[in-house]
Amino acid sequence: LFTEMSGATAYSSLMLDHQAALDDDSIESIMMVFDSPGGMVAGCDELGQAIFDGRKKKPTHAYVSGDACSAAYWLASSCETITMSPSSVVGSIGVVIGITDRRKAEESAGVKRIEVVSTQSPDKRPDPTQPDGRAKIQKLVDELGDVFVSAVARNRGVSVETVLDKFGRGGVSVGANAVA
């Protein structure tokens, strides 16, 4: 329903479509068309791995029509080749976690939230407003970012250092500049 209403695509649907294309003997190669600013981490690595592994069975190519940023670039990078128009935008390699602090708004509305975390799990709810809590969240984001960068490096056949130094440092590139 969400896909039909907004145009968003679930990784599970893409995974099924990809597997169906791999299994269909009448299909000789696969072209994946991308136009997305990105998506969630959860599920992206599994689909990216399936695309990468599927290249052994059938040639798999990406065409970028618009954007292939963040999670969409992760998936496009899993294909053997990436073709894009001069005005396409690709990149945004990195991970972001957004946290909304509603405590002041809740307090002014008379709402006081109390959380009790089990003693054996003190890191279950790190407080992003405190240095220790922010450091724990930053560590998580960095670890997810390492997974992303490593996947892109493997997918494009370059080193992690090359991705970190030459793939935009989280920014995006347009068409021919991205190819270079």
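The values are calculated or read from the model by the stated rules, or taken from the named source; none is laboratory data. Just so we're clear, the structure is a prediction, and the values are computed from it rather than from any experiment. Here the Cβ is made from the backbone with ideal geometry for all residues, glycine too, and neighbour counts use every protein chain on show. Remember, those area values only see protein heavy atoms, side chains included, never the ligands or the DNA or RNA. Shrake-Rupley method; radii C 1.70, N 1.55, O 1.52, S 1.80 Å.
Of [x] 1.00; [y] 1.07; [z] 0.96, which one was derived for Rg/Rh (Cα atoms, Kirkwood Rh) from the structure shown? This structure yields the entry labelled [y]. Panel note: the C-alpha atoms of the range 1-103, placed on their principal axes, show extents of 57, 32, 25 Å (largest first). Summarising the amide proton neighbourhood of Met32: residues at separation of 5 or more, or on other chains, whose placed amide H is nearer than 5 Å comprise His61, Ala62, Tyr63.
The residue among Ile137, Asn155, Pro37 whose Cα reaches farthest toward the positive pole of the charge dipole of the range 37-159, with charges on the beta-carbon of Lys, Arg, Asp and Glu, is Asn155.
Seen from all directions on average, the range 73-180 presents a Cα convex hull projection of 10.1 nm².
Among His18, His61, what's the order by accessible area (1.4 angstrom probe), most exposed first?
Values: His18 10, His61 50 Å².
Largest to smallest exposure gives the sequence His61, His18.
Note on the chain: with a GNM built from Cα contacts shorter than 10 Å, the maximum mean-square fluctuation among Ala68, Ala109, Ala42 falls on Ala109. Loop-located GluC sites (Glu not before Pro) across the range 84-121 with a Cβ neighbour count of 15 or fewer within 10 Å are Glu115, with loop assigned by DSSP.
Let me check I've understood the local charge: for Arg55, count other residues with C-beta under 13 angstrom from its C-beta, Lys and Arg +1, Asp and Glu -1. What total comes out?
On the way: positive: Lys56, Lys57, Lys58, Arg154, Arg156; negative: Asp53, Glu80.
Every neighbour counted, the sum reads +3.
Counting heavy atoms of the protein chains alone, Cys69 has an accessible area of about 10 Å² for a 1.4 Å probe. Spin-label pair Thr9-Lys166: with each label point 7 Å from Cα along the Cα-Cβ axis, the two points sit 2.8 nm from one another. If R0 is 25 Å, the Cβ-Cβ spacing of Arg134 and Met40 corresponds to a FRET efficiency of close to 0.70. Radius of gyration (Cα atoms) of the range 23-77, expressed as a multiple of 2.2 N^0.38 Å: 1.15.
Please list Lys58, Lys124 in order of solvent-accessible area, largest first, computed with a 1.4 Å probe with all protein chains present. Could you put the intermediate results ahead of the total?
On the way: Lys58 15, Lys124 130 Å².
Largest to smallest exposure gives the sequence Lys124, Lys58.
Binning the C-alpha pair distances of the range 87-150 at 5 Å intervals from 0 yields a P(r) profile of 4, 13, 16, 18, 17, 13, 8, 6, 4, 2, 0 %, listed from the shortest bin outward. When Rg and Dmax are taken over the Cα atoms of the range 47-96, they come to 11.0, 34 Å.
Computed about its Cα centre, the charge dipole of the range 90-153 is approximately 260 debye, with only Lys, Arg, Asp and Glu carrying charge at their Cβ. Placing +1 on each Lys and Arg Cβ and -1 on each Asp and Glu Cβ, with no other charges, gives the chain a dipole about its Cα centre of roughly 580 debye. Since only Ser87, Gly171, Pro128 are under comparison, the one whose Cα sits farthest along the positive direction of the charge dipole of the chain, derived from C-beta charges on Lys, Arg, Asp and Glu, is Pro128.
The accessible surface of the range 1-102, taken with every protein chain in place and a 1.4 Å probe, is 56 percent carbon and sulfur. Pairs of Lys residues in the chain that lie 8 or more places apart, or on two chains, and have C-alpha atoms under 24 angstrom apart add up to 7. Computed from label points 7 Å out along Cα-Cβ, the spacing between Arg125 and Thr83 is 5.3 nm.
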